[in-house]
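A.B. asks: There's a structure below that I have some questions on.
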Amino acid sequence: MASKIELNNLTFYYGNFMALKDVNMNIVGNAITALIGPSGCGKSTLLRTINRTNELIDGTRLEGKVLIDGKDIYDAQIDIIELRKKVGMVFQRPNCFPLSVYDNVAYGPVVHGTKKKAELDKIVEESLIATWLWDDLKDKLKRSALSLSLDYQQRLCIARVLAIGSEIILLDEPCSALDPITTLRIEELLVSLKENYTIVIVTHNMQQAARVSDYSGYMLLGELVEFNQTSKIFTSPKDKRTEDYITGRFG
Amino acid sequence: MKIKPAFTEQIVKKILFISTAFTVLILLFIIFYILKNGLSVIDLEFLLTSPKELGRAGGIFPCIIGTILLPLIAIIIATPLGVGTAIYLTEYKREGRLTRIIRFGTECLAGVPSIIFGLFGFVLFVIYLGFGWSILSGGLTLAFMILPTIIRTSEEAIRAIPYSYREVSLSLGGTKWQTITRVVLPSALPGIVTGVILGIGRSVGETAAVIFTAGSSLRVPASLFDSCRTMAVHFYILAREGISMENAYGTAAILIIAILFINLVSYWLMHRFMAKFS
């Protein structure tokens, strides 16, 4: 299968600290790729290099290449707004704006210049349907997003990303603020979305990676130790360090 | 002998209650005293006619106009400048030596006595720029006087907005300016409004800086280049020259009621906006 995202010899620094060491990875489209590893191993950093949100932090430096659909996204020619539209991100804690449900979902399209109410209505409806929120929220679109439960808020954050027409969804530990039951619902949602999207999820939770992902990468101290199909990583890891981690001897 | 913590707790609670009660009482006493002495002279005539015999008789109509115009000019000029500065310092400028110097500077400016601003306004606007004693000179001077307060409160309000809002907005492809106007400023509005209200309060009650720059003419001003007298200045002159204590209290009562009114209206507007926003 053709890879949607390619990381070539990617090295990343925060000041003098090397957070990613020579990472090579091919992420397949229309599949879920999980990044696992202990805290501070660089998995969130890796995720952030894919939509260039790492640049918002001072004193960072990147070497190597990140290609999406074969194009180098760190090329000077790249329009960063277009890039961030294409690569949406969902954060650890649900971070809805203090706006209504409708305005949260419509935020992206509005800042990108969609003005027609009918068009926005359609986008909001489609995004909420895709995240299984429409039936529950269609009569509460004017309600403040912050009044929803965390699980709904996190799904609303996913809907907000779908609304800008992203092709790739990056999720940075999206379930760490949720309880096990709502976590399962988010996981089911992700599986249903992979038909149309390329999903990369960072998770602390190995069971989660095993449940939802098609491919898994194990990271340690900025290195991508092992990257393979999830079934292989969890049943027959090639690297001793991966085995130690997934069997719970380390991490 | 050792004092039991539970006993200390009781004493502290009482002392804190007494200081709160004392503060509230003093405030109530001032308001009550001024209203008691002032309300008796207030009627429609007092509000809508010009003073006669230097203020011994007649109303305070020109002073009301002056009290509306001067702070209005000050707010119209100081709000965009102050909020703009606050946005630049928090959103566009990295925290560093320059921002610390600017912040230190604004804090010092906030503590400068108003009469110094009056002198500055007199030299710059009245003399050098040739605006004369006028509403314009007075309004501009007040604008500079309240600028530090507006910068400081706006900056704090903007800084208190969680970073995550900005991060999401940018990650959705919003520009920095879209992020500021659509997410940061609306959330920071209550704090910014507080600063503006403080500024209005300070400029409505200001005397020293106003006498220096807007003069104390009792005529109804016909243009921004006319001199005018605010209620605070009127009160000061009536009381100091012993012209009419009665009318001085009347003016003071209107001043207090006006400030109360401004506060209530601003908070009401803000709540309406917030209800719409979230």
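A.B. asks: What residue, among those in segment B:151-183 that are more than 8 Å from every other protein chain (Cβ to nearest Cβ) and β-branched (Val, Ile, Thr), is surrounded by the most Cβ atoms within 10 Å (Cβ to Cβ)?
C.D. replies: Among residues in segment B:151-183 that are more than 8 Å from every other protein chain (Cβ to nearest Cβ) and β-branched (Val, Ile, Thr), the one surrounded by the most Cβ atoms within 10 Å (Cβ to Cβ) is B:Ile151.
A.B. asks: Let me ask something else about it. Might you check whether a residue that is at negative phi, free of Cβ contacts under 8 Å to residues at least 60 places away in the same chain and either of a type in the set (S, T, N, Q) or open to solvent by 30 Å² or more (accessible area, probe 1.4 Å) (or both) occurs anywhere in segment A:86-94?
C.D. replies: Initial filter on segment A:86-94 (at negative phi): A:86-94.
In the following step, the residues that additionally are free of Cβ contacts under 8 Å to residues at least 60 places away in the same chain were identified as none.
The answer is no, given that none of the residues of segment A:86-94 is at negative phi, free of Cβ contacts under 8 Å to residues at least 60 places away in the same chain and either of a type in the set (S, T, N, Q) or open to solvent by 30 Å² or more (accessible area, probe 1.4 Å) (or both).
A.B. asks: Checking the condition assigned by TED's automatic domain parsing to the domain that holds B:Tyr249, at positive phi and touching a residue at least 60 places away in the same chain (Cβ under 8 Å), which residue from B:Gly66, B:Gly55 passes?
C.D. replies: Within the list B:Gly66, B:Gly55, the selection yields B:Gly55.
A.B. asks: Follow-up question, since we're still on this one. When you scan segment B:129-145, do you find a residue that is aliphatic (A, V, I, L, M) and either free of Cβ contacts under 8 Å to residues at least 40 places away in the same chain or within 14 Å of chain A (Cβ to nearest Cβ) (or both), even just one?
C.D. replies: Within segment B:129-145, one or more residues are aliphatic (A, V, I, L, M) and either free of Cβ contacts under 8 Å to residues at least 40 places away in the same chain or within 14 Å of chain A (Cβ to nearest Cβ) (or both).
A.B. asks: Quick check on this structure: which one of A:Val105, A:Val111 is more than 8 Å from chain B (Cβ to nearest Cβ) and open to solvent by less than 20 Å² (accessible area, probe 1.4 Å)? Reasoning before the result, please.
C.D. replies: Values: A:Val111 fails: more than 8 Å from chain B (Cβ to nearest Cβ).
None of the other options fit; the residue is A:Val105.
A.B. asks: Kindly evaluate B:Pro148 against the criterion of being under 21 Å from B:Leu218 (Cα atoms), at pLDDT 90 or above and either outside the structural domain of B:Val184 (by TED's automatic domain parsing) or surrounded by 15 or more Cβ atoms within 10 Å (Cβ to Cβ) (or both).
C.D. replies: In short, no.
A.B. asks: Would you mention how many residues in segment A:221-236 are open to solvent by 30 Å² or more (accessible area, probe 1.4 Å) and either over 23 Å from A:Phe91 (Cβ atoms) or of a type in the set (Phe, Trp, Tyr) (or both)?
C.D. replies: 10
A.B. asks: Given the conditions (1) within 14 Å of chain A (Cβ to nearest Cβ); (2) over 30 Å from A:Asn51 (Cα atoms); (3) over 22 Å from the mean Cα position of the chain (by Cα), and given that B:Phe225 satisfies all but one, which numbered condition is not satisfied?
C.D. replies: Answer for B:Phe225: the failing condition is (1).
A.B. asks: Restricting to helices (runs of 4 or more DSSP H) lying wholly in segment A:109-167: which have 2 or more residues that are in contact (Cβ under 8 Å) with a residue 24 or more places away in the chain and among the charged types (D, E, K, R)?
C.D. replies: Passing ranges, in order: A:150-163.
A.B. asks: Another one. Given B:Gly111, B:Gly132, B:Gly121, which one is loosely packed, with under 15 Cβ neighbours inside 10 Å and small (Gly, Ala, Ser)?
C.D. replies: Matching residue, one of B:Gly111, B:Gly132, B:Gly121: B:Gly111.
A.B. asks: Within segment B:241-249, can one find any residue that is touching a helix residue (DSSP H, G or I) at 6+ places or on another chain (Cβ under 8 Å) and either within 19 Å of B:Ile146 (Cβ to Cβ) or within 14 Å of chain A (Cβ to nearest Cβ) (or both)?
C.D. replies: no
A.B. asks: Does segment B:90-99 contain at least one residue that is acidic (Asp, Glu), without any contact (Cβ under 8 Å) to a residue 40 or more places away in the chain and out of contact with any Phe, Trp or Tyr (no Cβ under 9 Å at 6 or more places or on another chain)?
C.D. replies: yes
A.B. asks: What number goes with the only condition from (1) touching a Phe, Trp or Tyr at 6+ places or on another chain (Cβ under 8 Å); (2) within 30 Å of A:Leu137 (Cα to Cα); (3) outside any helix (DSSP H, G or I) that A:Asn104 does not pass?
C.D. replies: (3)
A.B. asks: If you take the residues in segment B:184-206 that are open to solvent by 20 Å² or more (accessible area, probe 1.4 Å) and over 13 Å from the mean Cα position of the chain (by Cα), which one is farthest from the other protein chains (Cβ to nearest Cβ)?
C.D. replies: Residue satisfying both the conditions and the ranking: B:Gly191.
A.B. asks: Scanning for something touching a Gly at 6+ places or on another chain (Cβ under 6 Å), in contact (Cβ under 8 Å) with a residue 12 or more places away in the chain, closer than 22 Å to A:Val161 by Cα and more than 14 Å from every other protein chain (Cβ to nearest Cβ), does segment A:30-52 turn up at least one residue?
C.D. replies: Yes, there is a match, as at least one residue in segment A:30-52 is touching a Gly at 6+ places or on another chain (Cβ under 6 Å), in contact (Cβ under 8 Å) with a residue 12 or more places away in the chain, closer than 22 Å to A:Val161 by Cα and more than 14 Å from every other protein chain (Cβ to nearest Cβ).
Here's the yes/no breakdown for (1) more than 17 Å from B:Tyr249 (Cα to Cα); (2) open to solvent by less than 90 Å² (accessible area, probe 1.4 Å):
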position	(1), (2)
B:Phe7	yes, no
B:Leu16	yes, no
B:Ala21	yes, yes
B:Val24	yes, yes
B:Ile30	no, yes
B:Tyr33	no, no
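A.B. asks: Restricting attention to segment B:158-177, which residues are assigned to a helix (DSSP H, G or I) and within 32 Å of the chain's Cα centre (by Cα)?
C.D. replies: Once the filter is applied, which keeps residues that are assigned to a helix (DSSP H, G or I) and within 32 Å of the chain's Cα centre (by Cα), segment B:158-177 yields B:Ile158, B:Arg159, B:Tyr163, B:Tyr165, B:Arg166, B:Lys176, B:Trp177.
A.B. asks: From (1) facing chain B (nearest Cβ under 8 Å); (2) assigned to a helix (DSSP H, G or I); (3) out of contact with any Gly (no Cβ under 7 Å at 6 or more places or on another chain); (4) of a type outside the set (Gly, Ala, Ser), pick out the condition that doesn't hold for A:Phe97.
C.D. replies: Failed condition: (2).
A.B. asks: For B:Thr213, indicate whether it is part of a helix (DSSP H, G or I), in the same structural domain as B:Ile65 (by TED's automatic domain parsing), under 21 Å from the mean Cα position of the chain (by Cα) and in contact (Cβ under 8 Å) with a residue 60 or more places away in the chain.
C.D. replies: In short, yes.
A.B. asks: Continuing with the same structure: Which number in (1) open to solvent by 20 Å² or more (accessible area, probe 1.4 Å); (2) more than 14 Å from chain A (Cβ to nearest Cβ); (3) at pLDDT 90 or above marks the one condition that B:Thr230 misses?
C.D. replies: Among (1) open to solvent by 20 Å² or more (accessible area, probe 1.4 Å); (2) more than 14 Å from chain A (Cβ to nearest Cβ); (3) at pLDDT 90 or above, the lone unmet condition for B:Thr230 is (1).
The values are calculated or read from the model by the stated rules, or taken from the named source; none is laboratory data. Here the structure is a predicted model, which means the values were calculated and not measured. Reconstructed Cβ throughout: ideal geometry from the backbone, glycine too, with neighbour counts over all protein chains shown. In case anyone asks, the SASA skips ligands and DNA or RNA and just uses the protein heavy atoms, side chains included. Shrake-Rupley method; radii C 1.70, N 1.55, O 1.52, S 1.80 Å.
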